[in-house]
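The values are calculated or read from the model by the stated rules, or taken from the named source; none is laboratory data. The shown structure was predicted, so the numbers you read here are calculated from the model rather than taken from an experiment. Neighbour counts run over all protein chains shown; Cβ positions are idealised from the backbone, glycine included.
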Amino acid sequence: MDPADDVFTLLWRVLAWGSGSRLRQNGRRLAGIAADAARSEDVLRGAAELAVTGSPAEAFAVFRRAGRNELPGLGPSFFTKFLYFAGQGEPEHRCVILDRVVATALRERCGWDSLHPVGGWPASTYERYCDLLARWAQERDRAADEIEYALFTSKGHL
């Protein structure tokens, strides 16, 4: 199944996975999506398609335009999860998850200080981050999501 075929199922799965046991903010996220389901579907579909066929910056920009989030409750830390899972586990998929934990690890462990740890990142910053992880992955014969996971868990050597 192409992820853009059923974006609400994809979103539901990402919400379930990405929220953990706390489920915080999911009520707000779902209410915001339900308030304008047709527009939400268009945004989700466009982002899912570009996550597979376009650049990470293009996909990211669907969710964040003019410095604001397009869907209530879905900020960069969450919608990059959606972009990642739109890739259906393909190792060459360029969109990886970016959140404050990863941004902080990049800053503190790797000296990469162009990401502010609390977010508000523009699409161009997300693209540079994805390119960085892709480069590190290639240099280490790994997948980019393995590098992201190592940063997130602060385990292992990059």
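State which residue is surrounded by the fewest Cβ atoms within 10 Å (Cβ to Cβ) when the search covers only the range 39-59 and only residues that are out of contact with any Leu (no Cβ under 7 Å at 6 or more places or on another chain) and under 19 Å from residue 15 (Cα atoms).
Within the range 39-59, the match that is surrounded by the fewest Cβ atoms within 10 Å (Cβ to Cβ) is 39.
Give me a count of the residues in the range 54-74 that are charged (D, E, K, R), within 13 Å of the chain's Cα centre (by Cα) and either part of a loop (DSSP other than H, G, I, E, B) or closer than 19 Å to residue 31 by Cα (or both).
1
Does the range 19-32 contain any residue that is touching an Asp or Glu at 6+ places or on another chain (Cβ under 9 Å) and either of a type outside the set (Val, Ile, Thr) or more than 21 Å from residue 89 (Cα to Cα) (or both)?
The answer is no; no qualifying residue exists.
Condition check ((1) part of a helix (DSSP H, G or I); (2) of a type in the set (Val, Ile, Thr)) across all residues:
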position	(1), (2)
6	yes, no
13	yes, no
18	yes, no
27	yes, no
42	yes, no
52	yes, yes
80	yes, yes
84	yes, no
93	no, no
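Picking from 55, 77, which residue would you name as being under 19 Å from residue 151 (Cα atoms) and polar (S, T, N, Q)?
Unique residue meeting the criteria: 77.
What number of residues in the range 121-133 are surrounded by fewer than 18 Cβ atoms within 10 Å (Cβ to Cβ) and assigned to a helix (DSSP H, G or I)?
Qualifying residue count, the range 121-133: 3.
Can you tell me which residue within the range 110-135, out of those that are at pLDDT 90 or above and among the charged types (D, E, K, R), is nearest to residue 58 (Cα to Cα)?
This residue is 127.
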